[in-house]
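The values are calculated or read from the model by the stated rules, or taken from the named source; none is laboratory data. If you're wondering where the values come from, they're calculated on a predicted model, not measured in any experiment. Cβ coordinates were reconstructed from backbone atoms using ideal geometry, including for glycine residues, and neighbour counts include every protein chain displayed.
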């Protein structure tokens with residue numbers, strides 16, 4: 001299996017002529033199937049000139065590169081209805097909150113693992129709501145829904161959540177999603193952005209090295225880049 005961060009950033013090579021044809025910018029998830037349907041391949045600009053590679057056309061995902069038969073396997077985003085539709089739905093896995101079917105928000109996903117041969121998501125890593133330094137794992141078979149706002153999982157009988165600190169408003173007294181969104185914002189405050197974040201047109205809206213404050217968070221939210229911001233700080 002491969003972690004998403006081990007795939008994103010890899011060069012993509014054509015086997016036919018041994019030429020680099022792009023770089024993996026992102027993985028496009030099919031939420032109904034729980035797998036990667038497309039690899040977003042960029043030539044340097046976010047969405048500008050970006051193309052997609054169907055995962056079924058991937059020959060290999062190795063330590064140093066992704067391979068496909070030829071550059072002919074790549075198509076422009078606008079010419080691929082399925083990929084375009086998935087991108088417009090804006091379903092993100094990393095940075096999304098984990099909600100059980102019993103209504104308990106238990107943490108925020110910080111990584112996921114896929115099966116190289118099929119692109120199937122096999123495991124989710126999440127930071128627990130009680131301790132952001134603690135990472136736990138979810139078998140993908142527990143996932144009921146990959147949603148735009150939360151990933152819903154089947155709660156195990158022994159899955160319990162601790163009460164939040166008494167000096168904070170308990171999650172049970174406010175909307176759960178709002179509570180964890182606020183916790184996520186608090187986590188981001190003061191962090192440094194580690195790579196440029198661009199809008200849909202490819203323009204840099206948050207530069208690498210920027211220190212996150214309330215205005216930066218609002219800017220990311222207004223451009224639909226809050227999840228990306230959550231993934232690009234240290």
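What to note about this one:
- Residues of segment 129-152 that are touching a helix residue (DSSP H, G or I) at 6+ places or on another chain (Cβ under 8 Å) and at pLDDT 95 or above: none at all.
- Only residues that are surrounded by 12 or more Cβ atoms within 10 Å (Cβ to Cβ) and assigned to a helix (DSSP H, G or I) were counted across segment 219-234, and they come to 9.
- Qualifying residue in segment 107-122 (condition: under 21 Å from residue 185 (Cα atoms), surrounded by 14 or more Cβ atoms within 10 Å (Cβ to Cβ), outside the structural domain of residue 15 (by TED's automatic domain parsing) and more than 13 Å from the chain's Cα centre (by Cα)): yes
Every residue, every condition in (1) buried (at least 21 other Cβ atoms within 10 Å of the Cβ); (2) at pLDDT 95 or above; (3) more than 17 Å from residue 118 (Cα to Cα); (4) touching a helix residue (DSSP H, G or I) at 6+ places or on another chain (Cβ under 9 Å), yes or no:
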{"position": "3", "(1), (2), (3), (4)": "no, yes, no, no"}
{"position": "9", "(1), (2), (3), (4)": "no, no, yes, no"}
{"position": "42", "(1), (2), (3), (4)": "no, no, yes, no"}
{"position": "51", "(1), (2), (3), (4)": "yes, no, yes, yes"}
{"position": "64", "(1), (2), (3), (4)": "no, yes, yes, no"}
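- Scope segment 96-113; condition in a loop (DSSP other than H, G, I, E, B) and closer than 17 Å to residue 227 by Cα; matching residues: 96
- Per this entry, residue 55 is counted among residues that are more than 18 Å from residue 144 (Cα to Cα), within 19 Å of the chain's Cα centre (by Cα) and modelled with pLDDT of 95 or more.
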